[in-house]
Amino acid sequence: MFNQVYPVIDHTVRKLCCRPYLGHDKGKNIGCPNFNRKEGCPPKAPLFDNVFDLREPVYAIYNIFDLAAYVQKMKAGHPDWSDAQLRCCLLWQGRARKQLAKHVMEFITAYPRYNVSMAYYRGIEKDLGPVYGRIIPASPEAMGVNVTETMANAGIHLEWPPVKVAYQIALAGVKKS
């Protein structure tokens, strides 16, 4: 699925990667260990407005993952698991990312002038096949786009944290020449 959007450029969203979160890095409660390490992560990730021509239409390509249904299914098979265990993104994100990759392939086929900003994950090259070369392997947030506000402006309100549905979002634009 995709919609034309007007990206909310806010380079401060790149700092979200530095926010501590409970249960990460053996209880040290630090931000993402990829910050300042991976090419597609801040501050190494390029800025969206430096890569894409914002005079051209920008599209959000997204997948809607039914998290509530997934949690119910997992609960039936694991009645002793906590809510946090049932919602663990490590268990469902792979499937959701494959679904997003399918939408990205469909979009790129229909819009050959466009390139896509999306988070890099293991197996992305295989999932995207011949269109992988049209991917900027950095999430829109890593590139300085406030995705929550961008999607809200398009009438799609993201849940934080996700309870019913989880969205995976990529942004597509025409590269600057």
### Query
Summing -39500 (n - 2.57) over the DSSP H runs of n ≥ 4 in the chain and dividing by its residue number, what mean residue ellipticity at 222 nm do you reach, to the nearest 500 deg cm²/dmol?
-8500 deg cm²/dmol
#### Entry: the range 46-118 versus the range 132-177: alpha-carbon centroid distance in Å
9 Å
### Summary
Inverse of <1/r> over all distinct C-alpha pairs of the range 28-127, i.e. the Kirkwood Rh in Å, gives 16.5 Å
### Task
Mind giving me the FRET efficiency for ARG55 and LEU90? R0 is 45 Å, r the Cβ-Cβ distance, nearest 0.05 is fine.
0.70
### Task
For the chain, please report how many Lys pairs fall under 19 Å Cα to Cα, leaving out neighbours fewer than 8 apart on the same chain.
9
### Summary
Per the charge dipole of the range 2-173 (beta-carbon charges, Lys/Arg positive, Asp/Glu negative, Cα centre), the residue among SER82, ILE124, ILE136 reaching farthest to the positive end is SER82
### Message
Taking the 0 to 90 degree range and rounding to the nearest ten, how far is the long axis of helix 67-77 tilted relative to the main principal axis of the chain, both from C-alpha atoms?
### Response
30 degrees
### Task
Before anything else, pin down the relative contact order of the chain: Cα pairs under 8 Å, at least 6 apart, normalised by residue count, whole percent.
38 percent
### Message
Quick check: the angle from helix 89-110's long axis to the longest principal axis of the chain, C-alpha only, nearest 10 degrees?
### Response
20 degrees
### Query
For the range 2-173, with equal point scatterers placed on the C-alpha atoms only and solvent neglected, what are the log10 I(q)/I(0) values from the Debye formula at q = 0.16, 0.18 1/Å, to two decimals?
-1.03, -1.28
### Query
How high is the relative contact order of the range 87-177, given as a whole-number percent (alpha carbon pairs under 8 Å, six or more residues apart)?
33 percent
#### Entry: Amide H within-cut-off set for MET118, under 5 Å, with H built and near neighbours excluded
ILE136, ALA138
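Only the coordinates and a few stated rules stand behind these numbers; no lab work does. Keep in mind it's a predicted model, so treat the numbers as computed, not measured. Please note: Cβ atoms are built from the backbone with ideal geometry, for glycine as well, and neighbour counts cover all protein chains shown.
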